[in-house]
Amino acid sequence: MRFFGNIEAKTDSKGRVFLPAVFRRVLGSAGEVSLVMRKDIHETCLVLYPESVWNEYLDRLNAKINKWNAEQRRVFRKFVSDVEIVTLDMNGRFLIPKRYLKMANIGQSIQFKGMDDTIEIWGQQEEEKAQMSSEEFSQSMEKLMGTTNSVFDEW
């Protein structure tokens with residue numbers, strides 16, 4: 001299951017929003033019914049995990065932690081306790097609770113970003129701050145992929 005794209009949307013006065021149809025189709029074709037929402041670990045945005053993807057992340061994290069290590073238990077607790085189960089209504093809407101809107105500095109205008117196996121939800125101001133310039137992006141891709149013998153050379 002892969003999510004791609006950048007889609008603008010608006011929340012209503014209660015914090016409800018329509019999940020973009022392109023993302024609903026991906027979920028439906030994979031047989032996913034619910035999502036898990038949490039604030040991103042590094043960025044000021046929210047992340048929607050399809051339930052199966054969330055379970056994979058959770059299994060990987062659980063396999064890495066030592067349950068007898070207090071710090072690792074706190075990390076695990078923080079990761080799993082700051083979540084909200086999201087179920088779409090018949091119209092494809094879901095509620096973003098007020099505490100999540102506040103955590104991610106989300107107002108009425110939002111951006112959904114497909115991020116491979118997850119979906120990010122950004123408030124307009126935070127999304128603008130997080131963007132790379134075209135030049136930064138180009139330099140970072142060159143650094144990441146190299147200029148010779150890259151993966152793209154094999155395609």
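The values are calculated or read from the model by the stated rules, or taken from the named source; none is laboratory data. These figures come from a predicted structure and were not determined experimentally. Note that we place each Cβ from the backbone using ideal geometry, even for glycine, and neighbour counts take in every protein chain shown. SASA here: full protein model, heavy atoms, side chains in, ligands and nucleic acids out. Shrake-Rupley method; radii C 1.70, N 1.55, O 1.52, S 1.80 Å.
Within segment 40-50, the residues that satisfy the criterion of being within 8 Å of the chain's Cα centre (by Cα) and under 17 Å from LEU61 (Cβ atoms) are ASP40, VAL47, TYR49. Meeting the requirement of 2 or more residues that are aromatic (Phe, Trp, Tyr), the helices (runs of 4 or more DSSP H) wholly within segment 1-118 are 51-64, 70-81.
Between ILE110, ILE85, ILE121, the distinction of being open to solvent by 80 Å² or more (accessible area, probe 1.4 Å), within 14 Å of the chain's Cα centre (by Cα) and either polar (S, T, N, Q) or at pLDDT 90 or above (or both) belongs to ILE85 only.
Within segment 103-133, the residues that satisfy the criterion of being farther than 15 Å from ILE7 by Cβ, among the small types (Gly, Ala, Ser) and in contact with a strand residue (DSSP E or B) (Cβ under 8 Å, 6 or more places away or on another chain) are ALA104, GLY107, ALA130. If the condition is being open to solvent by less than 50 Å² (accessible area, probe 1.4 Å) and in contact with a Phe, Trp or Tyr (Cβ under 8 Å, 6 or more places away or on another chain), then segment 16-29 contributes VAL17, LEU19, PRO20, PHE23, VAL26.
Every condition in (1) more than 24 Å from GLN124 (Cα to Cα); (2) in contact with a Ser or Thr (Cβ under 6 Å, 6 or more places away or on another chain); (3) open to solvent by less than 60 Å² (accessible area, probe 1.4 Å) is met by GLU51 except one, and the failing one is (3). Within segment 30-40, restricting attention to residues that are touching a residue at least 24 places away in the same chain (Cβ under 8 Å) and either over 21 Å from TYR100 (Cα atoms) or not charged (D, E, K, R) (or both), the residue that is surrounded by the most Cβ atoms within 10 Å (Cβ to Cβ) is LEU35. How many of the residues in segment 124-140 are open to solvent by less than 90 Å² (accessible area, probe 1.4 Å) and either of a type in the set (Asp, Glu) or not in a loop (DSSP other than H, G, I, E, B) (or both)? The qualifying residues number 5.
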